[in-house]
Amino acid sequence: MRVIRFLVRLLSVALCSGVVGFGIGFLQGEIVWRGGTRDIQMAFAEGSADMGAIHALLLGPFLYYGVFGQQVSFETFAYVVSATAIAGILSGWFLAAMEWLTMFPTIVAAIAASVYMASRHARDTQADGGRNAKVGGPENV
C-alpha cells in the first residue's frame, strides 16, 4: 500500500510539474519567436511548451523529493513557480536571439528558487526550535 501511495504522489507531482512547465514553455516560446507567420509562431510556441513540460516532468519530482523532502507549503510552491515563470519570460525577452537556449536560465531559476526556499526553511526552523517543520509554512500541499 505504501508503494502505491508513493507512486500516486510521484505521478501527481510529475503531472502538476508538467502542466506548469507546459504553460511556462508556451509563454516563453511566444515571447522568443519574432517574425514569420502566425502558424510558425504557434508551432514554435507549441514546441517550447513541449520542452517546458518534458523538463518540468523530470525537474519537479527531483525538487519535491530531493530538495524539499516531500514537505512543501503552497506558499513555497507558488514562489518557485512564480520565480521560474518570471525568469522564463525575462530570459525569453532578453535572450530572444538565442531561441531555444533561453530554456537554460529558466531551469536554473527553478533550481535556485527551490534551493533558496529550502535554505530559508532550514534557517527559520532553527530559529523557532523546529515548531514549524514544514517547508514554507503550516499549509502543506
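Observations on the model:
- Selected from LEU10, TYR79, GLN28, residue furthest toward positive end of dipole (the range 2-127; charges at beta carbon): LEU10
- Computed over the range 2-127, relative contact order equals 27 percent, with contacts defined as Cα pairs under 8 Å that lie 6+ residues apart.
- Modelled FRET efficiency - R0 35 Å, GLN41 with VAL108, Cβ distances, 0.05 increments: 0.85
- Difference of contour (0.36 nm per residue) and Cα-Cα distance, ARG34 to ASP124: 27.9 nm
- Counted by neighbouring Cβ atoms within 10 Å, the residues ARG9, ARG34 run from fewest to most as ARG34, ARG9.
- Shown here: mean projected area of the Cα convex hull in nm², derived from the displayed model; of the candidates [x] 8.3; [y] 10.2; [z] 9.1, it corresponds to [z].
- This ranking places ILE4, ILE86, ILE107 by how few other beta-carbon atoms lie within 10 Å of each, fewest first, which gives ILE4, ILE86, ILE107.
- Linear extension gain, ALA97 paired with ARG9, 0.36 nm per residue minus alpha-carbon span: 27.8 nm
- Dipole magnitude for the chain: about 480 debye, using +1 per Lys or Arg Cβ and -1 per Asp or Glu Cβ, origin at the Cα centre.
- 11 Å beta-carbon shell around PHE26, net charge (K/R +1, D/E -1): -3
- Applying a DSSP loop filter and a limit of 10 other Cβ atoms within 10 Å to the GluC sites (Glu not before Pro) in the range 26-85 leaves nothing.
FYI, it's all coordinate maths here, none of it is from the lab. Note that the structure is predicted; figures quoted are calculated from it, not measured. Cβ: placed from backbone, ideal geometry, glycine included. Neighbour counts: every protein chain shown.
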